[in-house]
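Each remark here refers to the structure printed beneath this line.
The values are calculated or read from the model by the stated rules, or taken from the named source; none is laboratory data. Since the model is a prediction, treat every value here as computed from it, not as a measurement. Quick reminder, even Gly has a Cβ in these numbers, built from the backbone with ideal geometry, and neighbours come from all protein chains shown. When the accessible area is computed, the model is the full protein with side chains, heavy atoms only, and any ligands, DNA or RNA have been set aside. Shrake-Rupley method; radii C 1.70, N 1.55, O 1.52, S 1.80 Å.
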Number of protein chains: 2
Amino acid sequence: MASLTEHPQGTAEAAGQKKIVISVDAMGGDRGPATVVAGLAKSAKRNPDIAFILHGDKPKLEPLVAKRDVLRGRCEIRHADDVVSMEDKPAQVLRNGKNSSMWSTIEAVREHEAEVAVSCGNTGALMVLSTMRLRKMEGVNRPAIACYWPSRNKHGFNVMLDVGADVRADESDLLQYALMGTSYARNSLGLARPRVGLLNVGTEEHKGRPEIKAAAELIAAAAPVGEFEFVGNVEGSDIPSDKVDVIVTDGFTGNVALKTAEGTVGLVKRIFKEAFVATLPARIGALFASRQIKIMTQRTDPRQVNGGVFLGLNGTVVKSHGAADATGIAAAVDLAYALAEHDFNHKLAARVASVPAPGHDGQPDASEQNGSNT
Amino acid sequence: MASLTEHPQGTAEAAGQKKIVISVDAMGGDRGPATVVAGLAKSAKRNPDIAFILHGDKPKLEPLVAKRDVLRGRCEIRHADDVVSMEDKPAQVLRNGKNSSMWSTIEAVREHEAEVAVSCGNTGALMVLSTMRLRKMEGVNRPAIACYWPSRNKHGFNVMLDVGADVRADESDLLQYALMGTSYARNSLGLARPRVGLLNVGTEEHKGRPEIKAAAELIAAAAPVGEFEFVGNVEGSDIPSDKVDVIVTDGFTGNVALKTAEGTVGLVKRIFKEAFVATLPARIGALFASRQIKIMTQRTDPRQVNGGVFLGLNGTVVKSHGAADATGIAAAVDLAYALAEHDFNHKLAARVASVPAPGHDGQPDASEQNGSNT
């Protein structure tokens, strides 16, 4: 496990304490670096042994970090001249992004200086950059973005993937998503034997596209060795249900579903808000219920579950929402910390290796696991 | 326009009044024929010139209809021995379904005895049966199911299609969906120049799958003659927004999005419900705000917008939700009535014919256009 104690520049060394280091892109988000630093401070309060390498415009970042007592001695700043904007195309970033804060953020994970990277920048660029610099994990064809989805399950969340890494997925990809999602649910939600469902337009076996029918067979066959339960097809309405823990789908469908849910929550909240100011009795009612209204507003706040995770690379990258505020950034950093603490990426690699993809000869050679694409 | 006055068996003849006749499958729904008849009664109260041909088990239906004064003289019952179950595969129904209430329901539209068909049975079977018996409209390759989607627009709803007729759609299909959705929005929501958006994983032009990029070009080119505005790519979060009136997507993605939204509304409502019984002040608050809570519960009730419409056939079919209660059935019947009143299907055919699909020879013969103000 990488830690600042191995690096002379790491300020944690002075304290003689082992820290978990998170590499953070200060520059990508819509709200600028001050919000990112505020988020780090929030997370640092909750996680005593966390430390940061923060990438971006040093002259801007230094005073922001200096203002936060809780970050003292726990936050190394690395200067980067450039910023990847939301408009930059991934190919541009690959060609010209070497001096960007995003590139530097990924590089710290590649060089094992930090455990996990966090950025709220351009998703497409972050995905392409992460894939090129960290390389795909042995046995993974398409990396995926997984996210938490508020659910009726006791643990409060389901895992959904892919929510936007790739617009296509064939049956082998969907099988890998099942394995990766299982590992993520096990390590982040603590579920020993996650229930996996395949997103489809109906629960009957004959429904859906050909690749989904093929994936259902592959996933069912992999369930015993993958140590998960396959519940078969699930529908959109099951995503927040307690029938399933991990929902597997292609990145186009997953991205649309995720954003549809966000839009729906927004609309319902707006209707509720309008209702509670519409009449005098309603306003009085809102006053009485104000504490509970606040709690339920928080429970349905997408910022509480901020952080998509890139799975299937040799290194973990957490993508925070571009518009995330300090609360959202802190949630993404908390997630990064939790994954680092569980040594998640090694466990994920072992899980993927346990079920060879169809057409492969067998177990991958451990000595070749340096990112060769299969 | 078909009406019971043309048919001696039509009981409306006695009243000497022109009626709009809706063909209704009494047997398909999860809650049985009593719920369907209750729904007809609700709709009949609101629509004085509506009449029904009701298909199903006559001995069961007769006493149910007799109990409802409002249906007296407006509801012909046609006996059908068989019922299409939710488990029946479409191919089975095509082979063996001739004596089913669903078949008989479609047949009444095919024979021009009724304007529009309504069923809450098996969607797959209804789609296949409708396509085989009514046939695809000239120029349409894949029929689509359109639904209303609660939105921030002044008129309260957006139109989304396809939400589940077909799991695939190429660029020509997506173009036809744009034309059909436009016509549906114009005739059912009264929008002169609907704004059409193409569902994608981002709003940038370079995003998404190849067929979506191709569709964007076709739809943009068709906008002037189709008399709609093309707003380009939209994301899942835009579906309930006021940026767009008609959202075009393939039936797999559309179905997942629709069911995801249903599941999300269910989860948010549950969280709200729990909040309002959690503490004494909250319960008091709920009491004060009870009238507004009731209104907002209704506004977010999917039953209020029940009724997917099959577009692209020689005849209109409204698919009600399988689990619909009397309120839901009545909403679907109201929609069927509104479409019949606007002579919608002729207008839709003219609209589709106005933009030849790529690869077609050219403009259709104008003499075949039965309703130019589409």
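Miscellaneous remarks
- Restricting attention to the protein assembly as shown, close to 30% of DSSP beta bridges with both partner residues there are antiparallel.
- The base-10 log of I(q)/I(0) for region B:58-125, evaluated at q = 0.20, 0.27 Å⁻¹, reads -0.91, -1.25 [Debye formula, identical scatterers on Cα atoms, solvent excluded].
- Dipole of the protein assembly as shown, positive direction: furthest Cα of B:T35, A:V116, A:V163, with charges on the beta-carbon: B:T35
- Kirkwood-type hydrodynamic radius, the protein assembly as shown: 27.8 Å, calculated from all non-identical alpha-carbon pairs.
- Rounded to the nearest 20 debye, dipole of the protein assembly as shown from Cβ charges on Lys, Arg, Asp, Glu: 2900 debye
- The helix-only estimate of mean residue ellipticity at 222 nm for chain B, built from DSSP H runs of length n ≥ 4 each weighted as -39500 (n - 2.57), is -14000 deg cm²/dmol after division by the residue total.
- Too-long pairs where the Cα-Cα distance tops 18 Å, listed order kept, from A:K213/B:K213; A:K273/B:K269; A:K207/B:K213: A:K213/B:K213; A:K207/B:K213
- For A:I284, net neighbour charge (Lys/Arg +1, Asp/Glu -1) across residues whose Cβ lies under 14 Å away: +3
- Surface share of carbon and sulfur [accessible, 1.4 angstrom probe, percent] for the protein assembly as shown: 51 percent
- Cβ-derived FRET efficiency at R0 45 Å, B:K273 paired with A:A91, nearest 0.05: 0.40
- A simple charge model with +1 on the Cβ of Lys and Arg, -1 on the Cβ of Asp and Glu and nothing else charged puts the dipole of chain A at about 1540 debye relative to its Cα centre.
- Legend: translational diffusion of region B:22-104 by Stokes-Einstein, Rh = Kirkwood radius over C-alpha pairs, 10 °C, 1.306 mPa s; D = 122 µm²/s.
- Residues in region A:146-180 occluded by at least 50 Å² - accessible area, probe radius 1.4 Å, against chain by itself: A:R152, A:V167, A:R168
- Area hidden from solvent between A and B (accessible, protein heavy atoms only, 1.4 Å, total, Å²): 5200 Å²
- Listed residue pairs exceeding 27 Å between alpha carbons, taken from A:K60/A:K319; B:K58/B:K136; B:K67/B:K294; A:K89/A:K136; A:K259/A:K347; A:K154/B:K294: B:K58/B:K136; B:K67/B:K294; A:K259/A:K347; A:K154/B:K294
- Overall size of chain A from C-alpha positions, given as principal axis extents largest first: 71, 61, 39 Å.
- Solvent-free Debye calculation, one equal scatterer per alpha-carbon of region A:149-305: log10 I(q)/I(0) at 0.13, 0.20 Å⁻¹ equals -0.64, -1.20.
- Annotation: aspartates and glutamates with alpha-carbon distance below 15 angstrom to B:K19 (same-chain offsets under eight excluded): B:E6, B:D49, B:E76, B:E113, B:E115, B:D334, B:E341, B:D343.
- Candidates B:V196, B:V352, B:V231, ranked by Gaussian network fluctuation over chain B, Cα under 10 Å, top entry: B:V231
- Antiparallel DSSP beta bridges within region B:147-306, percent to nearest 5: 25 percent
- By the compact-protein rule of thumb, 2.2 N^0.38 Å, the alpha-carbon radius of gyration of region A:93-216 corresponds to a ratio of 1.21.
- For the protein assembly as shown: accessible area per residue (Å², 1.4 Å): 40 Å²
- Net charge, A:R351 excluded, C-beta distance under 11 Å - Lys, Arg +1, Asp, Glu -1: +1
- For region B:147-306, the Cβ-based charge dipole about the Cα centre amounts to some 1180 debye (Lys, Arg positive; Asp, Glu negative; other atoms uncharged).
- Each listed q (0.20, 0.26, 0.28 Å⁻¹) maps to a log10 I(q)/I(0) for region A:212-259 from the Debye sum over equal C-alpha point scatterers, namely -0.75, -1.10, -1.18.
- For B:V109, the shell of other residues with beta-carbons less than 10 Å away shows a net charge of -2, using +1 for Lys and Arg and -1 for Asp and Glu.
- Think of the protein assembly as shown as a dipole: +1 on every Lys or Arg Cβ, -1 on every Asp or Glu Cβ, centred on the Cα centre; then among B:S100, B:L258, B:A331, B:A331 lies furthest on the positive end.
- Going from the isolated chain to the complete set of protein chains, region A:269-284 loses at least 10 Å² of heavy-atom accessible area (1.4 Å probe) at A:K269, A:R270, A:I271, A:F272, A:E274, A:A275, A:F276, A:A278, A:T279, A:P281, A:A282, A:I284.
- Computed from the C-beta positions of A:E205 and B:D81, the FRET efficiency with R₀ = 22 Å rounds to 0.15.
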